[in-house]
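A short worksheet on the structure shown next.
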Amino acid sequence: AKALGRGAWCFYEEGMTQGARERLAVEAGLRRALANGELRLYYQPQVSVASGRIVGAEALLRWQDPQEGLVSPARFIPVAESSGLIAPIGQWVLLEACLQAQRWRSAGLGSMTMAVNVSPRQFALSDLVAVVGDALAQSGFPATSLELEITESALAERPEQALALLTKLGDLGLRLSVDDFGTGYSSLAHIKRFPIDVLKIDQSFIREIPESGEDMAISSAIIAMGHSLGLAVLAEGVETPAQLDFLRQRGCDSYQGYLRSRPVPPDAFEVLLRDQLAG
Ligand code: C2E
Ligand code: CA
Ligand code: CA
Ligand code: CA
């Protein structure tokens, strides 16, 4: 396009689809966000079904855009992945989450786990074992309290690569969870090969409980299967007391969802931890 001169380039740009232009704009914005410190982590409690206590947090990325306000990860994670920016962003997320979790530990607010999402592109682009090792060393947060969430579809797409990586991460002492479980078409035999600690039931199976008998059957089966493999099971997207009752009946270990709390900024999460300590 360059050799054809300016006119040709303009022509090409006009020919770009709306989607492509939007992607380029988001990518440029993301570079700026990373450089200017516009990324934030929100935290959502992971709650024990039996005791009702907060036993962990999931770190969820937000982009505080000066013009647009808070941008949801659904809009920019795909662009971060296709542009490769997910590597530096993911590195920032891991360090920030470990630093925050260690601050809460040091303040005596509890010994909860911190769960961080990692995307499959991050495996390919960076030495995740080194990145995780750095975050742990810099923060002083214990490896055994850090949990990495990997989607079931990522495990299914590149099983050999995932197995090698997860084995190394597991050897560091980390906890590993399978995110969005039930949506990735993986077989039981498949899951058994990975050094997994936790299954996270995808929220699409929780949403229509108790109306959907099918979803109740699927969720029950995942809980039973997870337990038979020696795994803990967490349900995502719990919004109603009826859903929580169902999970209690089925012996699900923990849950996340608006019923307890939306993802919140660190100061608001700290209030939840202090209330729990006081109560
Ligand atoms: P996810 O890992 O499955 O995260 C759960 C999503 O469900 C979050 O959306 C959370 O806010 C939302 N959620 C939690 N409780 C409820 C509920 O009761 N009802 C409903 N309807 N939704 C609930 P969020 O924060 O917008 O994140 C969307 C996705 O973006 C995440 O899905 C994850 O795949 C990705 N993501 C977020 N942070 C990161 C990150 O640091 N790195 C990577 N690679 N991906 C991330
Ligand atoms: Ca997750
Ligand atoms: Ca493990
Ligand atoms: Ca999920």
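Since every read-out is calculated from the coordinates, none of them should be taken as a lab result. None of these values were measured; they are calculated from a predicted model. In this analysis, Cβ positions are derived from the backbone assuming ideal geometry, glycine residues included, and neighbour counts consider all displayed protein chains.
Quick look at the values:
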| quantity | calculated |
| --- | --- |
| Lone unmet requirement of (1) within 15 Å of ligand 1 (Cβ to nearest atom); (2) not in a helix (DSSP H, G or I) for Val132 | (2) |
| Residue pairs meeting the criteria (Cβ under 6 Å; at least 6 apart or on separate chains; first closer than 20 Å to Met112 by Cβ, in segment 143-158; second away from ligand 2 (no atom under 14 Å from the Cβ) and part of a helix (DSSP H, G or I)) | Ala143/Leu136 |
| Odd one out for Thr183, checked against (1) within 16 Å of ligand 4 (Cβ to nearest atom); (2) not in a loop (DSSP other than H, G, I, E, B) | (2) |
| Strands (runs of 3 or more DSSP E) wholly inside segment 28-121 that include at least 2 residues being within 16 Å of ligand 3 (Cβ to nearest atom) | 113-117 |
| Answer residue from segment 135-156, given it is hydroxyl-bearing (Ser, Thr, Tyr) and surrounded by 19 or more Cβ atoms within 10 Å (Cβ to Cβ) and is nearest to ligand 1 (Cβ to nearest atom) among those | Thr151 |
| Only one of Ser220, Ser261 that is assigned to a helix (DSSP H, G or I) and over 23 Å from Leu166 (Cα atoms) | Ser220 |
| Residues of segment 61-75 that turn out to be under 14 Å from the mean Cα position of the chain (by Cα), surrounded by 16 or more Cβ atoms within 10 Å (Cβ to Cβ) and not charged (D, E, K, R), as a count | 1 |
| Near pairs, Cβ below 9 angstrom, 6+ apart or cross-chain, from segment 44-55 (on the phi > 0 side of the Ramachandran plot) to any residue that is surrounded by 17 or more Cβ atoms within 10 Å (Cβ to Cβ) | Gly52/Arg260 |
| Filter result for Glu58 (crowded, with 21+ Cβ neighbours inside 10 Å and in contact (Cβ under 8 Å) with a residue 40 or more places away in the chain) | yes |
| Residue that is in contact (Cβ under 8 Å) with a residue 40 or more places away in the chain and farther than 20 Å from Ala115 by Cβ, where the choices are Arg175, Arg260, Arg274, Arg250 | Arg274 |
| Lone qualifier among Gly19, Gly29, Gly108, Gly37 - being over 25 Å from Ser177 (Cβ atoms), buried (at least 18 other Cβ atoms within 10 Å of the Cβ) and over 18 Å from the mean Cα position of the chain (by Cα) | Gly29 |
